[in-house]
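Worksheet: one structure, shown below.
The values are calculated or read from the model by the stated rules, or taken from the named source; none is laboratory data. The structure presented is a predicted model; accordingly, all values stated were derived computationally and were not measured. Neighbour counts run over all protein chains shown; Cβ positions are idealised from the backbone, glycine included. Protein only, heavy atoms only, side chains kept; ligands, DNA and RNA dropped before computing areas. Shrake-Rupley method; radii C 1.70, N 1.55, O 1.52, S 1.80 Å.
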Amino acid sequence: MHNRRLPRRGIALAAAAAAVAAPAGCALEPEADTIVGARSLTIGVKADQPHLGLRRSDGRYEGFDVDVAVYLAGRLGVPPERIRFRTTPSSVRERALQDGTVDMIVASYSITAPRKTKVTFAGPYYVPHQDTLVRADDTSIRSVRDLEGKRLCQVTGSNSWRRVTEEREIKATLVRVDTYSECMDLLDQRRVDAVSTDDLILAGFAAGRSGRILNAPFTDEKYGIGLHKGDLAGCEALNRAITRMYQDGTAARLLDKWFGKSGLKLTTSIPQFEGCS
Amino acid sequence: MTTPPSSPPAVATAAGGAPAPQAEPAARRPRRFRVVGLRTIPGRIRLYTAASLLSVVLLLGVTMAAVGNARDGVQTIGHDAGPQVMATGTLYFALSDMDAQVADILLIGREHDLGIGRAESLRRYEQRRAEADQAAVQAAQIAGRDEARRRTVREVLDGLGRYERLVGEAMLLDRQSAHPAGELPQNVIDTYRQATDLMKMELLPRAYNLTLDSGATVRQSYETDRDAVLDGRLRVGLAGALALALLIALQVYLAGRFRRLVNPALALATVLALAVVAAGMAMLSAQAGHLQRAKEEGFDSILALNRARAISHSAFADESRYLLDPGRADTYEQVFLDKALSVLYVDPGLRPLNLETYYGLLPGAVRSYERDPSGPPVEVLGLFGEEKDKNLAEFEESRLRLTVQAYQRVMDNDRRMRELAAAGDRRAAIELRMGRQSGAITAFDSYDQQLTSLIQAHRDEFDRAVRAGDDGLGGWDVLPPAAALAVAGLVLAGVRPRLAEFR
């Protein structure tokens, strides 16, 4: 009994000494889920917004949001071949982050106070404004106030029309449809007079059509990058990456690539960040 | 614990190199001990003693490392980066207030005594300009070799040059036209639009992002330092346990071998080691607490509230812009609402999110800051909402309450001003906004004072935590080595007479 006791104690002491000397930072509090240092990323994007996030027939995604996501992931050290895009419609965005279906979301995702309680937002990477699209030959509408008495397209599930008829109490007649592309058709067929929503979305849908954007913005939206709630390190790293994106000219290039021909006045200086929380 | 002299092979081989002459501490040791080595009682005593002393050295090492981490933490957040980052917040405030002063000057036109007066606005403009310069220098210093941040600072300074040129032009046109308050000629409006757009689109975002980014650096180093202090505490505990175990083992061995109950010197060494370990761990816990208090209740709140203050000032200036540029009144109203929401957000539910709704919901939100709010609970978000959810001292809580109450009075004036303007009585609206007696400026100043004193409360909390951190570390550069020396001395003093018995 005595004989066996000493070596065992020796081992225990050696183990204790090893534990004392072990490098820091591994044992106590596990870091919150973060995208920093990830080998691969699953990124949520829209599938139905031309020039922002659109799923093509071959299953690949394209658009401004997609290019921004690829650039930012690259800044985090994740090359394009290790990015998986997933379609995340507006209604499932918070859930997709919470249940881990996606690591981050770049999908015309506006930062709002209620959303900030569930999602950590990096950015905004762009500040679009609500603006109005009219027929090219229509000179009677110059600002949102001129929509008084006009027919305005109302898309189910979108809040943009409320900003005109409810928040500004402009008495326009609402014409209800399901999608913005239907709005474009109705505009061409002179069944509505105006479509009003985020200018980037308008520019995307109007591409290749004859409509005219008023360039009379009346709100500031904030397109942010949604992250798991609490991923402050990821948020800070993305904010630095967005800063680089504007400083190295990528932001201006991408905006021009996707919206340059739309006639929309684009902002190529860096937006004011929201702050990571 | 009476281990027989015939030691197991594992230990014998492991310690085989130890008895080599150069490794032995005492040259005058009798020869025979070296020959018989660890198999004898004195050999065993030497082994235990050496192990104890080594463990004391280890304990000293980890303690000093943890003290160093704690010191770094307090230094960074309390003395270096923390205060510097708070100072860069001035940049955003100063820039935004420069533009606010310009808006007021242009709005009042030739009526130089409206509001705080043209001369006072000019004086404030110059003062903010100087403050912005100073804060930019600070920001450049913090940026260090970070190229992206240095470039941002440069861009701010370049932009400021262009901004001042535009403002100079607008003021010249303004003086030449000598217009009555609120009736600006289009060329003044157009020039001012360029200036204020430049400020809003290019200068303010960069200034804001600079503070956020350097704040992120502070957060990261805080997390690292605090983790290191807590890890250090664990290591001190483990190293302490090891040292105590060895000291007790030595004590027990001596008691068994020499038939004495207690070796007093060794017992004293053990008690001393225990005391230092306990004190060290307690000190490190306290340091982690001080760091957390300085960061969360001080630094974070100060940054957030300074942001709220800067946003409030620029929102207040949006009222002037709303009056001076009727062509953009809708935009300035929307921007005002956005700023109000970022300061204090109330969920509109199904109602449209406009100022009308906001005015209506605000009293309920402000009531929720009372100690025992009546009515159903109201969820408040935004900067003031986040402050409310923090763990506040009673004093801070009451100042926060006074601040939001003063904020509500500012909003009441805003409502009256917009009602007058909407009814077409621009003159009355301007007098309400700019008049010295009529309230809007007085109400805003009193809100600003409440907010400043709330910020000061957090600043005091920050200073207290930093001072506690500094004080708590006092003596910890000297105490561990001194205690280690004392323990080592006592161990040797306790063991020596026993070894002497074998001479």
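To two decimal places, what compactness ratio does chain A give when its Cα radius of gyration is scaled by 2.2 N^0.38 Å? Could you put the intermediate results ahead of the total?
Numbers: Rg = 24.6 Å, N = 277, 2.2 N^0.38 = 18.6 Å.
Compactness ratio reported: 1.32.
Just to compare against my own numbers: the Cα pair-distance distribution for segment B:125-247, 10 Å bins, whole % per bin, please.
Histogramming segment B:125-247 at 10 Å steps yields 11, 27, 20, 14, 11, 7, 5, 3, 2, 0 percent.
Of the cross-linked pairs A:46/A:257; A:116/B:339; A:150/A:257, which ones have a Cα-Cα span greater than 21 Å in the structure shown?
Over 21 Å Cα-Cα: A:150/A:257.
Just the number, please: Stokes-Einstein D of segment B:44-108 in µm²/s, Kirkwood Rh from C-alpha pairs, 20 °C, 1.002 mPa s.
Details: Rh = 16.7 Å.
It diffuses with D of about 129 µm²/s by this estimate.
Give the long-range amide H neighbours of residue A:86: residues separated by 5 or more places, or on another chain, with amide H under 5 Å away, using H modelled in the peptide plane at 1.01 Å from N.
Amide H neighbours of residue A:86: A:43, A:44, A:45.
Dipole magnitude of segment B:66-489 about its Cα centre, charges +1 at Lys/Arg Cβ and -1 at Asp/Glu Cβ only, in debye to the nearest 20?
About 1260 debye.
Cα convex hull of segment A:152-277: how many Å³ per residue?
Measuring per residue, one finds 128 Å³ for the Cα hull of segment A:152-277.
Based on the Kirkwood radius over alpha-carbon pairs, what is the Stokes-Einstein translational diffusion coefficient of segment A:65-105 at 20 °C with 1.002 mPa s viscosity, in µm²/s?
Numbers: Rh = 10.9 Å.
Roughly 196 µm²/s, to the nearest whole number.
Given H placed 1.01 Å from N in the peptide plane, which residues other than close sequence neighbours of residue A:216 have an amide H under 5 Å from its amide H?
Sorted by chain and number, the residues that satisfy this are A:132.
Using only Cα atoms and rounding to the nearest 10 degrees, what angle (0 to 90) does helix B:118-143 make with the longest principal axis of chain B?
Helix B:118-143 sits at roughly 30 degrees to that axis.
With every protein chain kept in place and ligands, DNA and RNA left out, what is the accessible area per residue of segment B:66-489? Probe 1.4 Å, answer in Å².
Per-residue accessible area for segment B:66-489 comes out at 40 Å².
What's the Kirkwood radius of segment B:36-175 in Å, using all Cα pairs?
Answer for segment B:36-175: a Kirkwood hydrodynamic radius of 20.1 Å.
Could you calculate, for the protein assembly as shown, the ratio of the Cα radius of gyration to the Kirkwood radius, expressed as Rg to Rh?
1.12
Send over the per residue convex hull volume for segment A:130-213, Cα only, as a whole number of Å³.
76 Å³
Using the alpha carbon gyration tensor of segment A:182-254, what are the three equivalent-ellipsoid semi-axes (square root of 5 times each eigenvalue), largest first, in whole Å?
Details: eigenvalues 231, 46, 22 Å².
Semi-axes from the Cα gyration tensor: 34, 15, 11 Å.
Taking K and R as +1 and D and E as -1, what net charge do the other residues with C-beta under 13 Å from the C-beta of residue B:277 add up to?
Value of the local net charge: +2.
Using a 1.4 Å probe on protein heavy atoms only, how many Å² of accessible area do B and A hide from each other, summed over both chains and rounded to 100?
The B and A chains share an interface burying roughly 4200 Å².
Quick one: the Cα spread of segment A:218-277 along its three principal axes, in angstroms, biggest first?
Result, largest extent first: 39, 29, 16 Å.
In degrees from 0 to 90, rounded to the nearest 10, what is the angle of the helix A:250-259 Cα long axis to the longest principal axis of chain A?
40 degrees
How much accessible area per residue does segment A:187-264 have, counting only protein heavy atoms and a probe of 1.4 Å, in square angstrom?
Per residue, segment A:187-264 has an accessible area of 35 Å².
Give me the base-10 log of I(q)/I(0) for segment B:428-503 at each q in 0.16, 0.19 Å⁻¹, Debye formula, one uniform scatterer per Cα, rounded to two decimals.
Cα-only, vacuum Debye calculation for segment B:428-503: -0.80, -0.89.
Using only Cα atoms, tell me the angle between helix B:355-367 and the longest principal axis of chain B; keep it within 0 to 90° and round to the nearest 10.
Between the helix axis and the principal axis of chain B, the angle is about 40 degrees.
Projecting each Cα onto the charge dipole of the protein assembly as shown (Lys/Arg +1, Asp/Glu -1 at the beta carbon, about the Cα centre), which of B:417, B:352, B:457 comes out farthest on the positive side?
Among B:417, B:352, B:457, the one farthest towards the positive end of the dipole of the protein assembly as shown is B:457.
Please compute the contact order of chain A in relative form: average sequence separation of alpha-carbon pairs under 8 Å and at least six residues apart, divided by the residue count, as a percent. Before the final figure, lay out each step's value.
Numbers: 500 pairs, mean separation 70.3, N = 277.
About 25 percent, as a whole number.
Normalise the Cα radius of gyration of segment B:66-489 by 2.2 N^0.38 Å (N = residues in it) and let me know the number.
1.31
Which of A:217, A:197, A:44 sits closest to the plus end of the dipole of chain A, meaning its Cα is farthest towards the positive end, when Lys and Arg get +1 and Asp and Glu get -1 on the C-beta?
A:44
Counting Lys and Arg as +1 and Asp and Glu as -1, each charge on the Cβ, what is the dipole of the protein assembly as shown about the Cα centre in debye, to the nearest 20?
Roughly 4800 debye for the protein assembly as shown.
Which entries of A:118/A:222; A:265/B:200; A:222/A:261 have Cα-Cα distances beyond 21 Å here? Spell out each step's value before the answer.
Details: A:118/A:222 16 Å; A:265/B:200 16 Å; A:222/A:261 23 Å.
Exceeds cut-off: A:222/A:261.
I'd like the carbon and sulfur percentage of the solvent accessible area for the protein assembly as shown, probe radius 1.4 Å, heavy atoms only, ligands and nucleic acids excluded.
54 percent
If I take every Cα pair under 8 Å that is 6 or more residues apart in segment B:66-489, average their sequence separation and divide by the length, what percent do I get for the relative contact order? All intermediate terms of the calculation are to be shown ahead of the outcome.
Details: 510 pairs, mean separation 93.7, N = 424.
Averaging sequence separation for qualifying contacts and normalising by length gives 22 percent for segment B:66-489.
For residue A:197, enumerate residues with amide H under 5 Å from its amide H, sequence gap 5+ or separate chain, H modeled in the peptide plane.
Here the answer is A:131, A:133, since their amide H atoms fall under 5 Å of that of residue A:197.
Hey, how much of the P(r) for segment A:80-162 falls beyond 18 Å, as a percent of Cα pairs?
For segment A:80-162, the fraction of Cα-Cα distances above 18 Å is 59 percent.
When the helix-only estimate is applied to chain B (DSSP H runs of n ≥ 4, each -39,500 (n - 2.57), divided by the residue count), what is the mean residue ellipticity at 222 nm, nearest 500 deg cm²/dmol? List each step's numbers first, then the result.
Working: 17 runs with 380 residues, N = 503.
After summing the helix terms and dividing by the residues of chain B, the value is -26500 deg cm²/dmol.
Rounded to the nearest 5, what is the percent of antiparallel bridges among the DSSP beta bridges in the protein assembly as shown?
Working: 22 of 35 bridges.
Within the protein assembly as shown, antiparallel bridges account for around 65 percent of the total.
Ignore the peptide's own chain and count Cβ atoms of other chains within 10 Å of each Cβ in A:267-275; give me the average, rounded.
Mean number of neighbouring Cβ atoms from other chains: 6.
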